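Quick notes on the structure that follows.
The values are calculated or read from the model by the stated rules, or taken from the named source; none is laboratory data. In this text, all values refer to a predicted model and were calculated from it rather than measured experimentally. Virtual Cβ from ideal backbone geometry, glycine too; neighbours counted across all protein chains shown.
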Amino acid sequence: MAKPNSEVLLGGVEAGGTSFVVTVAKGSPTNIIDRHRIQTTTPQETLGKAVAWLKSKKVAAVGVASFGPVDADPKSKTYGYITSTPKPNWPNTDVLGQFKTLGVPLGFNTDVQAAAIGELKHGQHGNITSCCYITVGTGVGVGVVTDKHAVYGLTHPEGGHIRVARHPKDTYKGNCPYHGDCVEGLTNARAVADRAGVTPAQTKDLPIDNEVFDFVAYYIGQLCANLVLIVSPEVIVLGGGVLQRRAMFPKIRKHVQNLLNGYVQMKKITHDIDKYIVSSVADHGPDNNAGSVGALELARIALDEAQKKPRARL
């Protein structure tokens, strides 16, 4: 690893379906010194504004953490593209290519994979090599890191689209355009709003005792239990707008314990689950920074890799 530079400026792009959060960190991805929010409109307008803002900051590297699905395979011809997203105007968009004009090392992954990478390095979870990061907001994403590497095989993980058992009192049909009542279709911000009869912007004012949050906790609990059984991560981190209500966490943890029913006899599940299913320390301040820290960590890794490459001989 290259020697850390406390003065180096890293650029991060957390590319979301609602807005892009563009940040600059000094020295470390956790030391964010500047941020800018851009409304997500058309690809040309949104990406153009993000590139222009970063260009003015003279960053040494940029990490792009994007909503997806994306092509995160560096060997692919469409590496850095958003692929089959349902968001209008954005399918088959070359996201990373727009930032090549900056002339600096670039890192790229999904927003949740980047957040998981950031959590492993900067999340204060101890000496771990694996983690999962779940975000519940406009959509539901799951980032997976094992053996200190983000999982990528046929494609990146899409845990938000697994099917789950329906809550016996929940009659909502789900809103995922592909799968209807998958986890995303049952728990995203629009699902919360639809059940409560409000707009997504008004969901922040819903009381925690609204039945809809029992439904969300029930489904996210199933998602977490499945991750425990399939991935066996050392920590699960929850984030996103819907899960800013920390009062849901005890319900989610209880569902996980009930579903596993003593089968996984590990202290982290049976006794210390409040330290196992947690929120990100990056989200404990006024800003939800887990995604931004992840994007900035992608930039740090890209810069480190570029500095390790041997220089061409003159």
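When restricted to residues that are out of contact with any helix residue (DSSP H, G or I) (no Cβ under 7 Å at 6 or more places or on another chain) and either over 15 Å from residue 149 (Cα atoms) or not aliphatic (A, V, I, L, M) (or both), segment 285-301 contains 8. A Cβ distance below 7 Å, combined with a sequence gap of six or more or placement on separate chains, defines the contacts here; from segment 172-186, residues that are under 16 Å from residue 135 (Cβ atoms) reach residues that are among the aromatic types (Phe, Trp, Tyr) and part of a loop (DSSP other than H, G, I, E, B) in the pairs 186/172. Out of the residues in segment 182-191 that are among the aliphatic types (A, V, I, L, M) and more than 13 Å from residue 220 (Cα to Cα), which is surrounded by the most Cβ atoms within 10 Å (Cβ to Cβ)? Once the filter is applied, the top-ranked residue is 191.
Restricting segment 43-98 to residues that are polar (S, T, N, Q) and surrounded by 21 or more Cβ atoms within 10 Å (Cβ to Cβ), the residue that is farthest from residue 293 (Cα to Cα) is 93. Screening segment 216-313 for helices (runs of 4 or more DSSP H) wholly inside it with 2 or more residues that are among the hydrophobic types (A, V, I, L, M, F, W, C) returns the ranges 249-260, 290-308.
For segment 172-185, does any single residue satisfy the condition of being touching a Lys or Arg at 6+ places or on another chain (Cβ under 6 Å) and closer than 21 Å to residue 144 by Cβ? Yes, there is a match, as at least one residue in segment 172-185 is touching a Lys or Arg at 6+ places or on another chain (Cβ under 6 Å) and closer than 21 Å to residue 144 by Cβ.
Number of residues in segment 51-73 that are polar (S, T, N, Q) and either in contact with a helix residue (DSSP H, G or I) (Cβ under 6 Å, 6 or more places away or on another chain) or in a strand (DSSP E or B) (or both): the value is 1.
Scanning segment 1-42 for residues that are touching a strand residue (DSSP E or B) at 6+ places or on another chain (Cβ under 9 Å), modelled with pLDDT of 95 or more, buried (at least 17 other Cβ atoms within 10 Å of the Cβ) and not in a strand (DSSP E or B) turns up 8, 28, 29, 40. Contact map, segment 112-134: residues that are closer than 19 Å to residue 25 by Cα paired with residues that are surrounded by fewer than 24 Cβ atoms within 10 Å (Cβ to Cβ) and of a type outside the set (A, V, I, L, M, F, W, C), Cβ distance under 7 Å, separation 6+ or inter-chain. Pairs shown: 119/125; 120/148; 122/30.
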